[in-house]
Structures are given as C-alpha cells and as structure tokens.
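Read-outs throughout are calculated quantities, based only on the coordinates presented, and are distinct from any laboratory measurement. Every value quoted in this text rests on a predicted model; they were computed, and no experiment measured them. FYI the Cβ positions are ideal-geometry reconstructions off the backbone, even for glycines, and counts take in every protein chain you see.
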Amino acid sequence: MDTKLQPAIVIHGGAWAIPDNFAEASKLGVQIAAKIGYKILHSGGSALDAVEAAVCSLEDDPVFDAGRGSTLNEIGEVEMDAVIMEGSELRAGSVAAVQNIRNPVKLARLVMERTDHCVLVGKGANMFAEEMGIEEVSVDSLVTDSARHDWEHYKKFKVTVNEFFCSRGDPHDTVGAVAVDCHGNVACATSTGGITAKRVGRVGDSPIIGSGAYCDNNYGAASATGHGENIMKVTLSRHVLYLIQQGLTPQAAADKSIEYMFERVKGTGGVIVVGNKGDIGYNFNTKRMAWASLKCNTLKYGLNPGDEFVSDFNP
Ligand code: ASP
C-alpha cells in the first residue's frame, strides 16, 4: 500500500427510529460495506471506487432503503435517488426518481463520467441507463415484504415523516459512504428509495449535490441522511464542509451542522464526515443511525447514541 496517507472510510445506513428487530442486520450491513470499501483503499484504490463499491453493497442489502429494499411511493412504485462525487475536480453525477435499476449509484457515476451533465431524472435517467447497457430489473426484485407492508400502513406522507423519523420506525434507511484514499483524494456517495408513500416525482436531498453529499479535496467529504426536505433547506453536506473550512474538526463540523439544522428548521437526521487527512466524524439527532468507520485497520461501528464498538480488521 502507498503509505502517503492512511486511508479512511465512513458508512451510514440511515438515521431513523430503527426498530430492534432490524438493529443487528443494520449494524452488520454497514460493517460489511466499510470492509468492502476499505479493502479497495488499502490496496491503493481510489476513494471514488471505494464509496461506489460500499454503496453498491448497501443497495444490494434488503435491510436498507436503497436499491433492493427501497420504499414505495404513493402509488406503490419504486423511485430511487443517488449521487456520487469526487473531490479533486469537483465532478459529480446524480440520478433522481429512477426506476427498475439495481444499483442507482453506478448509474450516477456514469452520469458523472459519460455525460456533460450532473443530474438526470426519471425517464431520461432510465433512457441513459439503457444506452449504457444497464440491465432493467423488475420492480418485484427491488421490493421487500417489509417495504410493501410499510406502504400499506403509511399512505400519508406527513404521517410517514413524523413516525419514521421521530417516534417509531420500520427499517428503511438511506445509505451513504465517504472516503479519503492514500493520495488524499476524497469522495462521497448517497443512495435512497426516499420516504414511504412519498408523492410521485418527489425528490429528496440525497441526489442534490451539496445536500445529500458533498466533497472537496481541500476539506473532506460528507454524506447526509434524514428528513430530506429539511436537509435541502440547510444544504447539510456543504454546510459540514463550510464548517471544516472555518477550522472545525470533522467531528465538530458534524456536531454543529446537525445542531444548526435543528435550530433553523427543526430538521432531524444524521451525517458522516471524513476530513482530507483522514479524521472521522459523525452525528445524528434521530433515535438511531447505523454507522461504521475503518481506518488504520480499526473498525468502529454503532447504532444508538454513544455506541462505539471497536474491533481489528486485517484486509
Ligand atoms: N434523506 C432521504 C430522503 O429524504 C431519506 C433518508 O435519509 O432516510 O429521501
């Protein structure tokens, strides 16, 4: 491994009121994703490849609200959002309200690398996927029993927001990853099925550059989760980087940005952060957030406020 800088990765599996019966699966899923991304970083791979691979594994894990496991909108369809960004030239790609795609984060990366655009939505995003030879998958292969159950239960968006974020919740968690590689390049990615029973065409914060994710090699990388409408109002991920630019550590920037979102718009959610030197930060003001980090072969993870389980990982 190139030892110029110790690479680091942080993962989130969504900030919500995650119920006990999904707690273990959520903790496991974020650890697996962290290990997948870290292996890439440890062998000298790029932060961009690491966050993409980590988010793909979370999209494939049905416990999370992204890819397989996505929530259903008000008419029972799946519309997914994803973003990816790299911090060297500030290139970004995102897709919104895309359907029948197994890994939206891969499509977001293709938008970044193969088009002159940053964001493609709906029909246009699906047409581009077809052009890129991405296989269309059936809705049934993306929908889990639990997502269908939630949809039947919560048809009204406002009820969903209150109940999922604040008091109770079913396990539908947006996913995200931030990383710095041994060359000092940072990257971030976020992917989601959104919020159960959302309006058709509703786009949350996740694919909005600066809200659901942002990165810059000069400062670091951030990925957000939570109530998208409030995250957008404070451009949460860009706000984290602004605070680092003002001299705060990644952890202090995570703490302050979540406080700021609550003070300004009563927003609930969470954020993960990595600084360009590999310092890690995370915070959330929901009941729980599944998170994991890996740096210097040390894996840390947690779910409840104050949790920090530690173990060794040799890639
Ligand atoms: N931020 C996502 C959205 O509003 C949901 C989440 O993070 O759980 O679409």
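Since only 67, 93, 235 are under comparison, the one whose Cα sits farthest along the positive direction of the charge dipole of the stretch 8-312, derived from C-beta charges on Lys, Arg, Asp and Glu, is 235. Extending 7 Å from Cα along the Cβ direction at residue 21 and again at residue 5 yields two label points whose distance is 4.4 nm. Using the rule -39500 (n - 2.57) for each DSSP H run of four or more residues, divided by the residues of the chain, the 222 nm mean residue ellipticity is -10000 deg cm²/dmol. Each label point was placed 7 Å from the Cα along the Cα-to-Cβ direction; for residue 130 and residue 260 their separation is 4.3 nm. Overall, the stretch 8-312 carries a charge dipole of about 660 debye about its Cα centre when +1 sits on the Cβ of Lys and Arg and -1 on the Cβ of Asp and Glu, all other atoms neutral.
Summary of packing: across the peptides 17-29, 75-87, 34-46, 204-216, the per-residue average of other C-beta atoms within 10 Å ranks them, highest first, as 204-216, 75-87, 34-46, 17-29.
Extension gain, residue 229-residue 75: 0.36 nm per intervening residue step, less the Cα-Cα distance, totals 53.4 nm. Ordering 262, 284, 128 by the number of other Cβ atoms within 10 Å of each residue's own Cβ, fewest first, gives 262, 128, 284. Here the extension length gained between residue 252 and residue 145 equals 34.6 nm, from 0.36 nm per residue of separation less the Cα-Cα distance. For the peptides 186-194, 303-311, the ranking by mean Cβ contacts within 10 Å, running from highest to lowest, is 186-194, 303-311. Under 27 Å of direct C-alpha separation, and excluding same-chain neighbours fewer than eight residues apart, residue 106 reaches these lysines: 27, 35, 39, 123, 198, 233, 277, 295, 300. Length gained on full extension, residue 49 to residue 218, computed as 0.36 nm times the residue gap minus the Cα-Cα distance: 58.9 nm.
Approximating the spin labels as points 7 Å out from Cα along Cα→Cβ, the residue 39-to-residue 277 distance works out to 3.1 nm.
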